[in-house]
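Notes to accompany the following structure.
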Amino acid sequence: MDLVPGHTLRAKPLDGVKSERWFFAFIVVALAANILALVTLFRRYDFVSWLVPPLPEAEHVHLSRGERVPDFFGTTLDGLSWHSDSLKGRWGLVFYFRHRLPTEFLLYGDMLGQRYESRGLSLVGVTHEVSDELKRLVQMRPLSYPILVDRDDRVRDQLRWQYHDYGLVLIDPQGGIEFVVPRLLTKSDLRQLVEKYLLGRIRYQSEQLSIRLKPGDVLPSYRLMDVRSGRNLTLRELDLTDGIIVFFTASCSLYHVSRYFDELRAIELGRKGSGPYHFIFSHTFSALELDKLAREREIASPVYLAREPFTLLEPADPASATAEEDILVLRMTADGRVKTVGPLSDWVARIFRE
Amino acid sequence: MFNMFKCCALRSLIACLMIIAGTIHPAPVVGQRAGKQARDARLREQAGKDFPLQKEKARRYRKIPLFEGFKFTSPEDLRRDSQGNYYVVDVKNHRICVFDPEMRFKYQIGRLGQGPEDLNHPGRSVFDTKENLYVVDGDNWRIQIFDKAGRRVGGFHYGYHKTTDLVVTRRSEIYLNQATKGHLISVYSPEGKLLRQFGELMSLSRAYPGRPNDPKYRVPLSRVKMTLDEQDNLYVAYIFVPIIQKYDARGRLLWERRLEGPLADLMSQQFWVNEKDSLLRLTMSIDGLQMPVICKDIAYDDRRRRLFILLSMVDIIYVADENGRKIELLTQSRDEILRREPFFNTLTISQGTLYATAGWSDGKCYRLEITDANKL
């Protein structure tokens, strides 16, 4: 633009209020589009991780094998105080879960804890919050080990799981750490770890299991005895239609059985539309003790004692038992065939979820 | 002033709309279970009609189960030493099972733990020239070195960077694929000293031309399987990309080739197809991004000078020459494909014989017999 001497530059006046409205509407649309574009960009590219690199899992962040476990203490779900001193002289398996309830781990841990209690295993759970789910689980199925409530994350920080939602540490009787991971283990890994340190050997064939029954199979005609009446009968004579068989293998201790009876009674009372329960015990149990236990626990369902090894569910020699768990649950179909077969803890976890 | 505002706002609006339009693209396939039945039905249908194998030359192979009666939980690698002994990594039992040439169990190396001789989810294993066995001790973040008797003779902690594979050169240099360290390959000494790194990370636009160059894919796409030839040249097959590369012993890229043929093209297309419609059934997440798998393993046969690449789709083996040019495909019979036979996760070659493990499915090891193998 040529400037003429004496001419002054002046802004062109706006064309009234209408132009201003259009202008502001345009700005609003442009801003909205900008925001949308930014949101899209942020969703597409991980700018945050560019600016703030993820925390390195440096060695010093975690506890490691060979270190001594720090002292920790807390209050259990029942409001009792608990100190890590109580683990002295025992193998301590401490696990942590922040929010999400590892139901199957809790139940399987309980089974392992009971199985190896006499060999010196003590379990301790640590949780950040007491969820309704956890309360219901403990109400339905009391656990044999304490769960510490760690609302202020003190125990978590002492065990250095700040950046994780789960953690597990195995502590030897002298207080040294044998194994530590910032997560929970699978059932198989947990069993291997416990067997390695408390049994001195790992039973690798467990995955083959002693269970040789498949869905759709018909149960053989094993010989049984009704514990209450003393009557001898065979498995085929039972009314298995839509029923549930709870089979206690020879690896089960009587203490273990008594604990499970409480739980089974609770399930028995609360069952909805399922068929009859049949509690069958391995041939190694004593009929007298079972009868006494069933009376004490007021079990209404029939209780049977096997008169011969149930070879499709457990080996003839109890010492060679390699079952993942001690108690099995068989669900039967309307025509008396096997619908599912699996460990009790899986079944309890499924009922709990339902 | 008003004009300037208007101009800026208009440009900004157009730019934003372009960005939004440009960013709308289908995400890679995620999840393994959803739509599985529909995909299986489609796979069967295609296998019967226009499955790409119909259009390609494919030689049959037959699988012979090994170690009958021995139950692995999850075998993920099989190696043989010079005496013909078998070494099988049984991942979920945290051990290496050693069998004699008659496939009788001899002993095991390692068990679950964090002690010096322990293992925690072992992965790839490989022998060096002295017949020491190197094993990736995955969840302990270390390499364990055992002699043939199973005694630990060395090892080192490689830091908290995942590795998908391990090879050991004739000079006992250890190559690990640690993409999170910024390069494709990290080279370590047996004592654990980082000697050098080489190889560029894979970009999305290079892997799948036409895609935007999104940096979040760089590390996940740079996960590879590796094998060495007799001159220590390194061949890599990308797990999530239909590309193979060859590096020389000094780490220089010699060539890079895309997998060829209708099947490879189909796999590339299927990578971006929505999971419900994808024929790539196997997906994997190594760096937090679930993606369909293209190549599961690579092995080099120094007798035939051939590369064998195990593809994820119905266990087809892609055979290439040492320059990466496709020769042919190896496949199971159509009946076996339709029966959904167990799929393999690793492929190894020992003395000219192919071995595969099916650790993710039936937990068995197999020897693969190729029809007219001499003509390969």
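The values are calculated or read from the model by the stated rules, or taken from the named source; none is laboratory data. What you see is a predicted model, and the numbers here were worked out from it, not measured in a lab. Here Cβ is always computed from backbone atoms with ideal geometry, including for glycine, and neighbour counts include all displayed protein chains.
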* Asked: Which residues, taken from the stretch B:130-167, are in a loop (DSSP other than H, G, I, E, B) and of a type in the set (A, V, I, L, M)?
  -> B:Ala149
* Scan of the stretch B:176-209 for residues that are of a type outside the set (Ser, Thr, Tyr) and in a helix (DSSP H, G or I), ordered by number -> B:Ala179, B:Lys181, B:Leu204, B:Arg206, B:Ala207
* Unique match (being outside any helix (DSSP H, G or I) and in contact with a helix residue (DSSP H, G or I) (Cβ under 8 Å, 6 or more places away or on another chain)) among A:Leu137, A:Leu112, A:Leu143 -> A:Leu143
* Structure fact -> The condition of being modelled with pLDDT under 75 and over 21 Å from the mean Cα position of the chain (by Cα) holds, among A:Pro315, A:Pro309, only for A:Pro315
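Yes or no, residue by residue, for (1) away from chain B (no Cβ under 14 Å); (2) at pLDDT 90 or above; (3) farther than 19 Å from A:Arg154 by Cα; (4) surrounded by fewer than 10 Cβ atoms within 10 Å (Cβ to Cβ):
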position: A:Ala30; (1), (2), (3), (4): no, yes, yes, no
position: A:Leu38; (1), (2), (3), (4): no, no, yes, no
position: A:Pro56; (1), (2), (3), (4): no, no, yes, no
position: A:His83; (1), (2), (3), (4): yes, yes, no, no
position: A:Pro102; (1), (2), (3), (4): yes, no, yes, no
* To do: For B:Thr348, state whether it is surrounded by fewer than 19 Cβ atoms within 10 Å (Cβ to Cβ), under 22 Å from B:Phe72 (Cα atoms), out of contact with any Pro (no Cβ under 6 Å at 6 or more places or on another chain) and not hydrophobic (A, V, I, L, M, F, W, C).
  => no
* Right, B:Gly159: without any contact (Cβ under 8 Å) to a residue 60 or more places away in the chain and either surrounded by fewer than 19 Cβ atoms within 10 Å (Cβ to Cβ) or within 14 Å of another protein chain (Cβ to nearest Cβ) (or both) or not? -> yes
* Structure fact -> Within the stretch A:74-108, the count of residues that are touching a strand residue (DSSP E or B) at 6+ places or on another chain (Cβ under 6 Å) and in a loop (DSSP other than H, G, I, E, B) comes to 2
* Answer from A:Leu51, A:Leu112 - the residue that is out of contact with any Ser or Thr (no Cβ under 6 Å at 6 or more places or on another chain) and at pLDDT 75 or above -> A:Leu112
* To do: Within the stretch B:77-87, work out how many residues are in a strand (DSSP E or B) and either out of contact with any Lys or Arg (no Cβ under 8 Å at 6 or more places or on another chain) or surrounded by fewer than 18 Cβ atoms within 10 Å (Cβ to Cβ) (or both).
  => 3
* Give the number of residues within the stretch B:99-129 that are more than 14 Å from every other protein chain (Cβ to nearest Cβ), part of a strand (DSSP E or B) and of a type in the set (Val, Ile, Thr). => 1
* Matching entry among A:Ser118, A:Ser122 (being part of a strand (DSSP E or B) and under 28 Å from A:Leu328 (Cβ atoms)) -> A:Ser122
* Residues (within 12 Å of chain A (Cβ to nearest Cβ) and of a type in the set (S, T, N, Q)) located in the stretch B:75-98 -> B:Asn93
* Asked: Scanning for something away from chain B (no Cβ under 14 Å), touching a residue at least 24 places away in the same chain (Cβ under 8 Å) and not in a strand (DSSP E or B), does the stretch A:176-192 turn up at least one residue?
  -> no
* Would you mind telling me which numbered condition in (1) touching an Asp or Glu at 6+ places or on another chain (Cβ under 7 Å); (2) part of a helix (DSSP H, G or I); (3) closer than 30 Å to A:Gly342 by Cβ A:Leu198 fails? => (1)
* For the stretch A:150-176, what are the residues that are crowded, with 20+ Cβ neighbours inside 10 Å and either in contact with a Lys or Arg (Cβ under 9 Å, 6 or more places away or on another chain) or at pLDDT below 90 (or both)? -> A:Asp150, A:Arg156, A:Trp161, A:Gly167, A:Leu168, A:Ile171
* Asked: For A:Tyr108, are the conditions met, namely being within 21 Å of A:Leu199 (Cα to Cα), buried (at least 21 other Cβ atoms within 10 Å of the Cβ) and among the hydroxyl-bearing types (Ser, Thr, Tyr)?
  -> yes
* Scanning the stretch B:168-205 for residues that are among the hydrophobic types (A, V, I, L, M, F, W, C) and touching a Gly at 6+ places or on another chain (Cβ under 8 Å), which turns out farthest from B:Val135 (Cα to Cα)? -> B:Leu201
* Asked: Are there any pairs with C-beta distances below 8 angstrom linking a residue in the stretch B:328-341 that is of a type in the set (A, V, I, L, M, F, W, C) to a residue that is part of a loop (DSSP other than H, G, I, E, B) and modelled with pLDDT under 75, with the two at least 6 apart or on different chains, and if so which?
  -> B:Leu329/B:Glu56; B:Leu329/B:Lys57
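Please work out if B:Gly155 is farther than 24 Å from B:Arg252 by Cβ, of a type in the set (Gly, Ala, Ser) and within 18 Å of the chain's Cα centre (by Cα).
For B:Gly155, the condition - farther than 24 Å from B:Arg252 by Cβ, of a type in the set (Gly, Ala, Ser) and within 18 Å of the chain's Cα centre (by Cα) - is not met.
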* Any residue in the stretch B:235-245 that is out of contact with any Leu (no Cβ under 9 Å at 6 or more places or on another chain), under 28 Å from B:Asp302 (Cα atoms) and part of a strand (DSSP E or B)? -> no
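Being surrounded by fewer than 18 Cβ atoms within 10 Å (Cβ to Cβ) and in contact (Cβ under 8 Å) with a residue 40 or more places away in the chain is true for just one of B:Leu254, B:Leu282. Which residue is that?
Values: B:Leu254 fails: in contact (Cβ under 8 Å) with a residue 40 or more places away in the chain.
Of B:Leu254, B:Leu282, the one residue that is surrounded by fewer than 18 Cβ atoms within 10 Å (Cβ to Cβ) and in contact (Cβ under 8 Å) with a residue 40 or more places away in the chain is B:Leu282.
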* To do: Answer yes or no: is there a residue in the stretch B:210-221 that is more than 14 Å from every other protein chain (Cβ to nearest Cβ), out of contact with any helix residue (DSSP H, G or I) (no Cβ under 8 Å at 6 or more places or on another chain), surrounded by 15 or more Cβ atoms within 10 Å (Cβ to Cβ) and not in a loop (DSSP other than H, G, I, E, B).
  => no
* **Subset of the stretch A:325-344 (residues that are in contact with a Gly (Cβ under 9 Å, 6 or more places away or on another chain) and under 20 Å from A:Ser282 (Cβ atoms))** => A:Glu325, A:Leu328, A:Val329, A:Leu330, A:Arg331, A:Met332, A:Val338
